[in-house]
1. Filter segment 180-223 down to the residues that are farther than 30 Å from residue 272 by Cα and in contact (Cβ under 8 Å) with a residue 40 or more places away in the chain and list them by number.
2. Identify, from the list 148, 158, 108, the residue that is out of contact with any strand residue (DSSP E or B) (no Cβ under 7 Å at 6 or more places or on another chain) and over 23 Å from residue 203 (Cβ atoms).
3. Among 144, 151, which is the only one that is surrounded by 21 or more Cβ atoms within 10 Å (Cβ to Cβ), within 17 Å of residue 24 (Cβ to Cβ) and among the hydrophobic types (A, V, I, L, M, F, W, C)?
4. Answer yes or no as to whether residue 197 is surrounded by fewer than 20 Cβ atoms within 10 Å (Cβ to Cβ), under 15 Å from the mean Cα position of the chain (by Cα) and either at pLDDT 95 or above or within 27 Å of residue 113 (Cβ to Cβ) (or both).
5. Just wondering, is there one or more residues in segment 242-264 that are of a type in the set (A, V, I, L, M), in a loop (DSSP other than H, G, I, E, B), modelled with pLDDT under 95 and surrounded by fewer than 13 Cβ atoms within 10 Å (Cβ to Cβ)?
6. Just need a number here: residues in segment 46-92 that are at pLDDT 90 or above and touching an Asp or Glu at 6+ places or on another chain (Cβ under 7 Å).
7. Determine which single condition residue 88 fails, assuming it passes every other condition in (1) closer than 25 Å to residue 231 by Cβ; (2) more than 21 Å from the chain's Cα centre (by Cα); (3) in contact (Cβ under 8 Å) with a residue 40 or more places away in the chain.
8. Can you name the condition, by its number, that residue 105 falls short on among (1) part of a helix (DSSP H, G or I); (2) buried (at least 18 other Cβ atoms within 10 Å of the Cβ); (3) touching a Phe, Trp or Tyr at 6+ places or on another chain (Cβ under 8 Å); (4) of a type outside the set (Lys, Arg)?
Amino acid sequence: MADPQRVFIVGCPRSGTTVVQALIARHPAVHSFPETGYFESLYGGIRRRWGDLGAHGEHHWYHRMGLARSSGRRRLRRLERMLAGRKHAASPLTPAACVRRYVDLLDGCARLSGASLWVEKTPSHLMYIDEIARHIPDALFIHVLRNGADVMASIMDGDLHQPTHDFGGGLAVWARRWNRSIEMHLACRDSPRHLLLCLEDLAARPQPGWHRIRAFLGLDASLPLLPQPASLITDPEREPWKRDAASGQLQMPAQKVDALLGPVARAWMRDHLRDYAEVRAQVSGLRSETPVHDIGSYRAHRRL
């Protein structure tokens, strides 16, 4: 059998990557996976890549010797047990060999399900696009972008109400990370292996958005979408904040800015977040003055 197409969905957390993954997974030819977090485990240095202040470098002795991080090797064994029910005595020693076995694992799961394409969604894999593309040269990437103020509010809401440390760090940290994610997205805009989507445009015009996705992935247009994804998207008990998105039914994302962030925080965001109207214009071809939120567009002329 031919190898399945390999697709990675990336973006800043809370940008809508889960609902885009679930939408694609509703196609009968697609097999999907819960977040693997694999390349972050294999290569490390995520805080430095996000541009966090005071983050340490990632060049350790095992990098200099061309060896894989032990956390990446352990993650590979866990994924093999979780996804395929198999256990290996040891993982490969080099990053290239680890990625080959990771890809073989996901390819095998897709073949068993009869799928011609698999999709993996880990938002932070945005920071490892170079490594993914080097090891998996036929990989396709779907980038999901969302208005920065709404992302900030969603992260603050998650930090308040969800039993996880994933949303910790505060407004300044996540503003810097969102700006960095926008830089990464736009750097890939003209590559034929990358598709950039603004969540607001996809939710407002789902049919044209789905046609773009389907054409980019080469999915059969004659096969109707399933009511729900046929493969696992997320663990609703462990990640309850993803329950609504896991159905793959597009709807306009809720705006929580006014409810969660006061006037001082909103003014700060206007000064520190990149102008999303301009970003959206570059991605979607909209006019740059298109309003994106009632608190106005954001200026990113100062570094955080």
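1. If we filter segment 180-223 for residues that are farther than 30 Å from residue 272 by Cα, which is where we start, we get 192-193, 206-208, 210-223.
Correct list: 193, 206, 210, 213, 214, 216, 217, 218, 219, 220, 223.
2. Working: 148 fails: over 23 Å from residue 203 (Cβ atoms); 158 fails: over 23 Å from residue 203 (Cβ atoms).
Only one candidate passes the filter, namely 108.
3. 144
4. no
5. Yes, segment 242-264 contains at least one residue that is of a type in the set (A, V, I, L, M), in a loop (DSSP other than H, G, I, E, B), modelled with pLDDT under 95 and surrounded by fewer than 13 Cβ atoms within 10 Å (Cβ to Cβ).
6. 2
7. The failed condition is (3).
8. (3)
The values are calculated or read from the model by the stated rules, or taken from the named source; none is laboratory data. Predicted model only: the values in this text are computed from it and were never measured. Using ideal geometry, Cβ is built from the backbone for each residue, glycine included, and neighbour counts are taken over all protein chains shown.
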